[in-house]
Amino acid sequence: MPANEFNGQTDLGIGIGLRVPHYRHILEKKPVVDWFEIISENFMVDGGRPLEILDQILEQYRVVQHGVAIYFGSTDKLNRTHLKKLKALVKRTGTPWLSDHLCWGSSDGRYTHDLLPMPYTFAAAKVTAQKIREARDFLEVPICVENVSSYAEYHVSEMTEWEFLSEVVELADCGILLDVNNIYVSSQNHGFNPYDYVNNLPHQRVGQMHIAGHSKFEKYILDTHDHPVLDPVWKLYAHATRLAGRTATLLEWDDSIPSFDEVHHEALKANQFIADLQESAPALA
Amino acid sequence: MQSQWTDGRAMREVAAEWIKPNDRLTSFERLQIYNRCYWYRVLDCLYDDYPGLQAVLGERKFRALITAYLESHPSISFTLRDLGSQMEAFMEAHPEMIAPRGDLALDMARFEWAQIIAFDDPAYPAVEVDELLGTNPAELRLGIQPYVTFLDLKYPVDEFALAIKASEEDSLSSQASNVVNEAPKAKRRRTVRLPKPEAVKVAVHRWHNMLYFKRLGEEQFALLQALRRGETLEEACGVALELWQGTPEAFSAEVRSWFENGAALKWFCRYREPKKSEHS
């Protein structure tokens, strides 16, 4: 399912996150990259260098917006100022779809700037789905919600995380940005089988995937995005790709960022799993 | 993390009520991961925004200041860009936290916040000098671009900031992606001698989207500030003339050069009534 209604009927291939240390390289060398993902909030400004850089990138590349601050799961109403700025950016970038996280992070107008896990309840799913619908109606662009990595679970949860994600996206009729690294991190922190997670999703709703590196500590794993992708995550990615089909895939590398070429090389490893999928397709049929 | 919840119960008890433990971590320990990440993230943001203030106060005092600031001013914006917006006011309200270098610390905080404004505040279409020809100075009001800040400083923190920048070791840091950060820490830099008192007037602005600082004379500063307040061109010139020590002819020539210079830097725009939040 390379192209579907949740990713604007596109088939973008393998992208990487647009990050400040790589600006000069990208603008001067103009490397061949399928697409860049931007953090929307970094460009929701009124002027100056961020928008100048973005416009130069847009002249050469396809850009998809990924947000970190809508907080569909917060009980606060959607922030209209935020949404208006986001819509202006959507018009500027022409992003075929827009993603943000299935989490909460603000309360009574105060922001944690974190992606906090939700209680997996039917009531929370209903409220969250309603906010996703509201945001999509206002922004007029398909929305994919991303599963977050987490370090805590709530007693009040009534279902598994994958059941909750499925419930939300069905109620909201939106797409999934499937972060396989986040699934792996959470599976290790909470003791579930990551393949159960991937197997039990509505695969036809997956509009994009994320891959990334993480860090292991003695008692838990942190989602640090400062390493190459680890083998268990690649294996999970391969499995997810078999189920969801070839999907726009993005490598996140946000800290201890190496050279552009190193990041891009790491991202392009995903092509091998997609090629394997295509080779095995006739046999499966 | 705070040891007690708002109702007086122990945090461990409250955490256990809401969060499941697992075979490796208690409920409290799992909550603590989030608490630690929150503080890393917001403190790290202020370390990035205020390296000069950190150099003025020293690591221990700076950490105490920004921790107290964040307790008093948690983020109310969707973007971390705005996190330090109340720092100057907080420092003025808590002089004991920045003593004995209060004036220098305040100058540095103002200067560093002005750089954030210069980085990404809007730019309106610039007014050219030619457009001013034939207009009545008694009626003409000129706007100053929002991204330009004029500062009346007791210390030459512009030079100090450049020295700090030059002393920093290069490092690549994360940007807003909500990834989990490592513990925030001061950037490694060589020791920079603190500046001695010297009154200076500085414009913090951008040119071709790069940050710049420009020293201003006292009269030029007074004129530009008067324009920003919304005074007419004639009134603004009058304010500057009161400070002028030379001949009227020299003043006229000087004013012309100020305007040519300001227009070349695209500082002037159509006058707009200031919003409540607009900086001075």
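Every read-out reported here was derived from the displayed coordinates using simple, explicitly stated rules and does not represent laboratory data. Quick caveat, the model's predicted, so the values are computed rather than measured. Counting neighbours? That spans all protein chains shown, and the Cβs are built from the backbone with ideal geometry, glycine included.
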Sites A:Q9 and A:N199 - FRET efficiency at Förster radius 30 Å, r taken between beta-carbons, to 0.05: 0.70
Set of lysines with alpha-carbon distance to A:K216 below 29 Å, sequence-local pairs under 8 removed: A:K235, A:K269, B:K20, B:K185, B:K187
Sequence-distant residues sharing a close amide H with B:Y212 (under 5 Å, placed H): B:H205, B:R206, B:W207
Of the trypsin sites (Lys or Arg not before Pro) in segment B:1-50, those whose Cβ has at most 13 other Cβ within 10 Å and which sit in DSSP loop: B:R9, B:R24
Beta bridges per DSSP with both ends in segment A:5-284, % antiparallel, nearest 5: 15
The protein assembly as shown, dipole about Cα centre (Lys/Arg Cβ +1, Asp/Glu Cβ -1), debye to the nearest 20: 460
Contact order normalised by residue count of chain A, Cα under 8 Å, 6+ apart, percent: 19
Helix-only CD estimate at 222 nm, as mean residue ellipticity for chain B, using -39500 (n - 2.57) per DSSP H run (n ≥ 4): -14500 deg cm²/dmol
Average projected area [Cα convex hull, segment A:133-182], square nanometres: 4.2
Cα-projected label distance for B:R36 with A:D46, points at 7 Å along beta-carbon direction, nm: 4.0
For chain A, calculated [θ]222 nm from helices alone, where every DSSP H run of n ≥ 4 adds -39500 (n - 2.57): -13000 deg cm²/dmol
Where only C-alpha atoms are counted, convex hull volume of segment A:5-284 per residue in Å³: 131
Base-10 log of normalised Debye intensity for segment A:150-205 (one unit scatterer per alpha-carbon) at q = 0.20, 0.24 Å⁻¹: -0.75, -1.05
Exceeding the 29 Å Cα-Cα cut-off - candidates A:K29/A:K91; A:K84/B:K214; A:K85/B:K201; A:K87/A:K126; B:K61/B:K154: A:K84/B:K214; A:K85/B:K201
Rel. contact order, % - alpha carbon contacts under 8 angstrom, at least six apart, segment A:53-110: 52
Set of segment B:192-208 residues, backbone N closer than 17 Å to the point 7 Å along the Cα-Cβ line of A:Y23: B:205-208
Max mean-square fluctuation residue, GNM over chain A, Cα-Cα springs under 10 Å, options A:D46, A:D179, A:D100: A:D46
Sites A:T75 and B:D23, calculated FRET efficiency, Cβ-Cβ separation with R0 30 Å, nearest 0.05: 0.45
Convex hull volume per residue for segment B:1-95, taking Cα atoms only, in Å³: 135
Proximal charge balance of A:L171 [Cβ under 15 Å; K/R count +1, D/E count -1]: -2
Kirkwood hydrodynamic radius of the protein assembly as shown, from inverse mean 1/r over distinct Cα pairs, in Å: 26.0
Dipole in debye (nearest 20) - segment A:5-284, about Cα centre, beta carbon charges: Lys, Arg +1; Asp, Glu -1: 620
Rough spin-label spacing in nm, given labels placed 7 Å along Cα→Cβ, for A:Q130 and A:E262: 4.8
Per residue Cα convex hull volume in Å³ - calculated over chain B: 171
Fraction of the pair-distance distribution of segment A:1-84 above 20 Å, Cα-Cα pairs, percent: 45
Normalised contact order of chain B, rounded percent, pairs of Cα under 8 Å and 6 or more residues apart: 21
Selection from B:S167, B:F268, B:G84, by position along the positive dipole direction of chain B (Cβ): B:S167
Scaled radius of gyration (Cα, divided by 2.2 N^0.38 Å) that segment A:1-153 gives: 1.08
Cα-projected label distance for A:E170 with A:D55, points at 7 Å along beta-carbon direction, nm: 4.7
Where GluC sites (Glu not before Pro) fall in DSSP loop in segment B:199-280, at most 13 other Cβ within 10 Å: B:E278
